[in-house]
Amino acid sequence: MVQDKELSTPKEKRSLRKLLWAGKLLVTLLILSYIYNTFRNEQKGIADVAHVFSKILIPANWLKLTCMVLLVPVNWALESLKWKQLAQRVVVLSFWDAFRGILTGLAIGVAAPAQLGDTVGRIAVLKSDNRLKAIGAALVSNGIQFYVSVLAGAIGWIVTRKQLPISNSAANLLDLLLGLTVLIGVVLMVSRKKLVYWHPSNKYLQKIQSYLHIVGVYTTSDLLKATTYGTLRYLVFLTQFILAISFFDFPLDYFELASCVSLVFLAKTLIPAVNVIGDLGLREFTALFVFKQYNLPAEEIITATFLIWAINVLGPILVGIVLVWKYKFKSIINIQP
């Protein structure tokens with residue numbers, strides 16, 4: 001089949017390059033705009049938060065802060081290994097290409113709904129004409145992380161539900177939601193092979209099947225390895241959050257603390273933000289609600305959540321901006337229909 005690049009005139013290629021450049025500029029401006037608005041919105045309590053920061057940025061806490069920062073590349077390395085494990089069923093993918101795709105997706109997620117931007121970033125940097133077939137791999141990767149968060153959150157919910165100020169009807173509804181989610185995950189795991197033998201007659205369904213076909217190809221070993229990476233990544237998140245909260249005098253043991261933090265992650269999972277910047281407010285709201293029962297100062301809770309966001313999201317987003325400009329999106333033109 002003749003590829004698009006062979007049919008393009010030099011004028012068309014110049015126009016496309018200008019369009020891609022404009023797209024990169026738009027994404028960058030949106031990213032910077034969201035970052036600016038996020039910090040502007042935080043001005044409502046910035047003095048209190050700054051005061052709390054001044055108390056924790058002392059030599060006695062440097063070891064904890066260093067550990068939190070060092071866990072950032074570990075976090076994204078584990079996600080890259082998970083993505084590489086799943087995507088290699090379609091394309092040849094090195095660890096560094098996977099790492100670059102993860103950070104690019106994180107940056108683009110600022111300018112688009114988070115999961116859409118994440119998928120676009122991962123797919124765009126793949127060096128293969130079959131890159132679109134990896135969409136199914138991206139869905140599985142995100143689905144595994146979602147499922148790990150739900151399972152851990154369910155444990156945290158069981159531990160803390162009696163302490164939370166929530167009505168019985170709302171508690172029962174959450175029980176039902178978590179139970180159905182866990183059950184659906186098991187059903188999808190067991191029935192995934194059917195996608196290999198699904199041959200729809202409708203052309204739109206055929207296109208969808210071509211993207212999801214890879215899901216049925218995965219072996220149990222593939223999924224177990226990917227789930228292991230996802231679980232380790234979750235533990236990294238959990239450790240960072242516990243380290244951030246441990247700067248303050250919270251009257252909780254580590255098991256209770258981990259249970260509360262798992263609920264914050266559960267809310268972030270079940271109520272996805274419009275973009276990766278927007279999840280800061282969601283984290284703050286959930287953390288304030290969960291820790292309210294312990295009469296903890298709001299500014300300390302906000303400081304802890306903001307610190308996690310700044311370390312885990314803001315830094316990688318800035319790196320992602322550089323990658324967006326570095327990557328030559330003209331290779332996307334060469335995808336065969």
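The values are calculated or read from the model by the stated rules, or taken from the named source; none is laboratory data. What you see is a predicted model, and the numbers here were worked out from it, not measured in a lab. A quick note on method: Cβ atoms are made from the backbone with ideal geometry, for glycine too, and the neighbour counts reach across all protein chains shown.
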* Structure fact -> Only unsatisfied item for residue 256, checking (1) farther than 26 Å from residue 84 by Cβ; (2) in contact with a helix residue (DSSP H, G or I) (Cβ under 6 Å, 6 or more places away or on another chain), is (2)
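Yes/no per residue for (1) at pLDDT below 85; (2) under 30 Å from residue 228 (Cα atoms):
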{"site": "23", "(1), (2)": "yes, no"}
{"site": "37", "(1), (2)": "yes, no"}
{"site": "46", "(1), (2)": "yes, no"}
{"site": "50", "(1), (2)": "yes, no"}
{"site": "54", "(1), (2)": "yes, no"}
{"site": "57", "(1), (2)": "yes, no"}
{"site": "72", "(1), (2)": "no, yes"}
{"site": "80", "(1), (2)": "no, yes"}
{"site": "106", "(1), (2)": "yes, yes"}
* Asked: With respect to residue 334, is the statement that it is surrounded by fewer than 16 Cβ atoms within 10 Å (Cβ to Cβ), over 18 Å from residue 149 (Cα atoms) and modelled with pLDDT under 75 true?
  -> yes
* Structure fact -> Reported set for region 151-197 where residues are within 20 Å of residue 218 (Cβ to Cβ) and in contact with a Ser or Thr (Cβ under 8 Å, 6 or more places away or on another chain) is none
* Would you say residue 144 is exposed (fewer than 13 other Cβ atoms within 10 Å of the Cβ) and among the aliphatic types (A, V, I, L, M)? -> no
* State which residue is surrounded by the fewest Cβ atoms within 10 Å (Cβ to Cβ) when the search covers only region 266-312 and only residues that are at pLDDT 75 or above and closer than 22 Å to residue 121 by Cβ. => 310
* Is region 197-212 home to any residue that is in a loop (DSSP other than H, G, I, E, B) and either hydrophobic (A, V, I, L, M, F, W, C) or over 30 Å from residue 132 (Cα atoms) (or both)? -> yes
* Looking only at region 250-257, decide whether some residue is assigned to a helix (DSSP H, G or I), of a type in the set (A, V, I, L, M), within 22 Å of residue 309 (Cα to Cα) and under 25 Å from the mean Cα position of the chain (by Cα). => yes
* To do: Assess whether residue 221 counts as being surrounded by fewer than 16 Cβ atoms within 10 Å (Cβ to Cβ) and assigned to a helix (DSSP H, G or I).
  => yes
* With (1) surrounded by fewer than 17 Cβ atoms within 10 Å (Cβ to Cβ); (2) more than 30 Å from residue 297 (Cα to Cα) as the list, and residue 226 as the residue in question, which single condition is left unmet? -> (1)
* Asked: How many residues, within region 160-191, are touching a Leu at 6+ places or on another chain (Cβ under 9 Å) and either in a loop (DSSP other than H, G, I, E, B) or surrounded by fewer than 16 Cβ atoms within 10 Å (Cβ to Cβ) (or both)?
  -> 7
